[in-house]
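Since the structure comes first, as structure tokens, the remarks are kept for the end.
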Amino acid sequence: MKIRKISIIIAILLSAFALVGFTYAHWSKTILISGEIETGKVDAIITSWFCNDPPGTIDPGYDKDVASCECSIDTADPQKAYVTITNAYPCYTVHFSLTVKNTGTIPIALKEVRVDGKVIPEEEWTPIDADNNGVNDLEFYIIDSLGEQVDPGKEVETSLIIHVMEGADPGTTYTFTIEFDFWNWNEVP
């Protein structure tokens, strides 16, 4: 009788284990999900420029037409602009701006502006040796737009003040490159 009870208990336990195993096998299932993720594109181009002293106009703050400011946008790399200040003299100051369009697919923000490769911090005068003679000739001051979000298809204007420093030789022509570095809008502080 005792063996019969043990046999029944063993049979019940084995049946219970089989039922639990069968139930578990139906509860777990491996699912494979495949997909494709496409990231957005960060891209911007300079579309236009402005200088408050183009050739043939009176110099800002003076009553004579001596110096002038011109710009050309690099057709091969429209994130670069070449600026020329002709017949410069000490204390000549111009307001210069470039309009940049977001041609990418995600919002962007301006991380930095570089003049001849040198980063120009926001709201800080930054001197540059534009003629490579070892003496700073020009200084730059960014007025706005660092960190400003620009949605796809929209434009932003970045303005600078360009000042010819005291040590510059009168009548000199300075040419320099302005470049922008745009980042994902959420990565720029």
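The values are calculated or read from the model by the stated rules, or taken from the named source; none is laboratory data. Here the structure is a predicted model, which is why all the values come from computation and not from measurement. We place every Cβ from the backbone using ideal geometry, glycine too, and count neighbours over all the protein chains shown. When the accessible area is computed, the model is the full protein with side chains, heavy atoms only, and any ligands, DNA or RNA have been set aside. Shrake-Rupley method; radii C 1.70, N 1.55, O 1.52, S 1.80 Å.
Conditions tested, residue by residue: (1) within 25 Å of Thr39 (Cα to Cα); (2) more than 15 Å from the chain's Cα centre (by Cα); (3) in a strand (DSSP E or B).
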position	(1), (2), (3)
Leu98	no, no, yes
Val119	no, no, yes
Tyr141	no, yes, yes
Pro152	yes, no, no
Val156	yes, no, yes
Gly167	no, yes, no
Tyr174	no, yes, yes
Asp181	yes, no, yes
(message) Just the residues that are more than 14 Å from Phe96 (Cα to Cα) and either among the small types (Gly, Ala, Ser) or surrounded by 14 or more Cβ atoms within 10 Å (Cβ to Cβ) (or both), please, taken from the range 33-46.
(response) Ser34, Gly35, Gly40, Val42, Asp43, Ala44, Ile45
(message) Could you go through the range 107-114 and let me know if any residue there is surrounded by fewer than 15 Cβ atoms within 10 Å (Cβ to Cβ), in contact (Cβ under 8 Å) with a residue 60 or more places away in the chain and not in a strand (DSSP E or B).
(response) no
(request) Looking only at the range 100-120, count how many residues are under 28 Å from Glu139 (Cα atoms) and either hydrophobic (A, V, I, L, M, F, W, C) or in contact with a His (Cβ under 7 Å, 6 or more places away or on another chain) (or both). (result) 8
(request) Would you please name the residue that is farthest from Asn102 (Cα to Cα), looking only at residues in the range 142-189 that are among the aromatic types (Phe, Trp, Tyr) and open to solvent by less than 60 Å² (accessible area, probe 1.4 Å)? (result) Tyr174
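Being among the aromatic types (Phe, Trp, Tyr), open to solvent by less than 30 Å² (accessible area, probe 1.4 Å), in contact (Cβ under 8 Å) with a residue 40 or more places away in the chain and under 23 Å from Thr173 (Cα atoms): is that true of Phe50 here?
So Phe50 fails the test.
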(message) On the basis of being surrounded by fewer than 15 Cβ atoms within 10 Å (Cβ to Cβ), in contact (Cβ under 8 Å) with a residue 60 or more places away in the chain, out of contact with any Lys or Arg (no Cβ under 6 Å at 6 or more places or on another chain) and among the polar types (S, T, N, Q), does Thr86 make the cut?
(response) no
